[in-house]
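Written below as structure tokens is the structure these notes are about.
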Amino acid sequence: MPVLGVRAVEDDDPGREPAGRGAPDPGHGRHVGPEPGLVPRVTFTDPEIGSVGLTEAQARKQGLTVHTGITQLPSSARGWIHRAGNDGFIKLIEDAGRGVLMGATSAGPAGDEVLGALAVAVHGQVPVADLQTMIYAYPTFHRATEDALRDLVTG
């Protein structure tokens, strides 16, 4: 929904839909684009905070069996290297019935960048088992995702 006085760069192109919305499919007359809950959200504060998909509360409200995994960034190798200003976390929300991530939150240094891979996993409904076998670059904040996946527990 457009907000009076707030514009995105894409809004200046009359041939494009405003940022964050899909466009009509001219061939079929239907709306295409991401589901509203799958649009990543980032707040550029210090630390950066981003999320995609459902929160734990939203998933539970929908009646899903939820597993959560969380890791603190200071306990990661990259957090140790970063030292001052390394506060943050990665939280994952799994639909245990389907074995896929339904949501994720990343807060901390490069929280917006970490969210990118998590958005692909949520949007693509990548099985958690596949995410757990990936090799994450070392030492990066992204690698902390591996720790959060290991922490997935019954909620």
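Some points to look at:
Conditions tested, residue by residue: (1) in contact with an Asp or Glu (Cβ under 7 Å, 6 or more places away or on another chain); (2) part of a helix (DSSP H, G or I); (3) under 26 Å from Q62 (Cα atoms).
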residue: G103; (1), (2), (3): no, no, yes
residue: S106; (1), (2), (3): no, no, yes
residue: L115; (1), (2), (3): no, yes, yes
residue: A121; (1), (2), (3): no, yes, yes
residue: A129; (1), (2), (3): no, yes, yes
residue: A137; (1), (2), (3): no, no, no
residue: H142; (1), (2), (3): no, no, no
residue: D147; (1), (2), (3): no, yes, no
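- Residue within region 70-92 that is assigned to a loop (DSSP other than H, G, I, E, B), more than 23 Å from E48 (Cβ to Cβ) and of a type outside the set (S, T, N, Q) present: no
- Cβ-Cβ contacts under 7 Å between residues 6 or more apart (or on different chains), taken from a first residue in region 136-155 that is assigned by TED's automatic domain parsing to the domain that holds V122 to a second residue that is part of a loop (DSSP other than H, G, I, E, B) and surrounded by fewer than 15 Cβ atoms within 10 Å (Cβ to Cβ), are listed as R143/A137.
- Every test in (1) modelled with pLDDT of 85 or more; (2) not assigned by TED's automatic domain parsing to the domain that holds D95 is passed by D13 save one, and that test is (1).
- Where A129 falls short, out of the listed (1) of a type outside the set (S, T, Y); (2) in contact with a Leu (Cβ under 8 Å, 6 or more places away or on another chain); (3) farther than 12 Å from T145 by Cβ: (2)
- Scanning region 104-142 for residues that are at positive phi and in contact with a helix residue (DSSP H, G or I) (Cβ under 8 Å, 6 or more places away or on another chain) yields a single hit, G108.
The values are calculated or read from the model by the stated rules, or taken from the named source; none is laboratory data. Being a predicted model, the structure only gives us computed values, none of them experimental. Cβ atoms come from the backbone with ideal geometry, glycine included; neighbour counts cover every protein chain shown.
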